[in-house]
Amino acid sequence: MFGSGFALAYGFEVTGLSNWLASQLMVLKGVPIIFIILGICCIVTVISEFASNIASIQLAIPVMMALQKNIDVSPLLLMIPATFASSIGFMLPVATAANTIVFGTKMIHTKDMFKVGLILDILGILIITLMCYLYLA
């Protein structure tokens with residue numbers, strides 16, 4: 001899982017995909033930073049539901065680096081929320097090893113994980129967004 005994340009991140013950088021993606025996001029230049037942080041948290045959280053936390057953040061960091069240059073904000077203002085958001089995948093068994101272990105006990109069903117996990121994901125996204133906005137912006 002670690003190697004695939006590093007390989008994907010390296011591929012993003014070498015091919016210029018992260019720069020291209022960041023250039024496509026230039027429309028965010030005038031958007032208030034709290035909405036950018038919120039969007040980053042939502043996207044990275046969704047990615048982390050289907051991939052490992054390491055792979056998720058390894059994909060997001062090169063894009064955040066390129067994006068921060070394009071919209072002229074502090075790199076920490078984008079990278080810290082993305083890093084925290086990569087750790088809050090609670091909806092699916094595949095999101096984290098802990099989810100897989102709990103699901104493996106067969107004492108909890110996917111629909112139950114999804115319902116509770118969705119609430120936890122939303123709360124996590126809101127908390128990360130507000131804390132990063134208040135303390136980093």
**Request:** Out of the residues in segment 1-30 that are over 15 Å from residue 63 (Cα atoms) and touching a Ser or Thr at 6+ places or on another chain (Cβ under 9 Å), state the one that is modelled with the lowest pLDDT.
**Result:** 1
**Message:** surrounded by fewer than 13 Cβ atoms within 10 Å (Cβ to Cβ) and either modelled with pLDDT of 85 or more or under 29 Å from residue 134 (Cβ atoms) (or both): is that true of residue 90 in this structure?
**Reply:** no
**Prompt:** How about segment 31-56: which of its residues are modelled with pLDDT of 85 or more, in contact with a helix residue (DSSP H, G or I) (Cβ under 7 Å, 6 or more places away or on another chain) and surrounded by 16 or more Cβ atoms within 10 Å (Cβ to Cβ)?
**Reply:** 33, 36, 37, 38, 40, 41, 44, 45, 47, 48
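The values are calculated or read from the model by the stated rules, or taken from the named source; none is laboratory data. In this text the structure is predicted, and so the values were computed from the model without any measurement. Neighbour counts run over all protein chains shown; Cβ positions are idealised from the backbone, glycine included.
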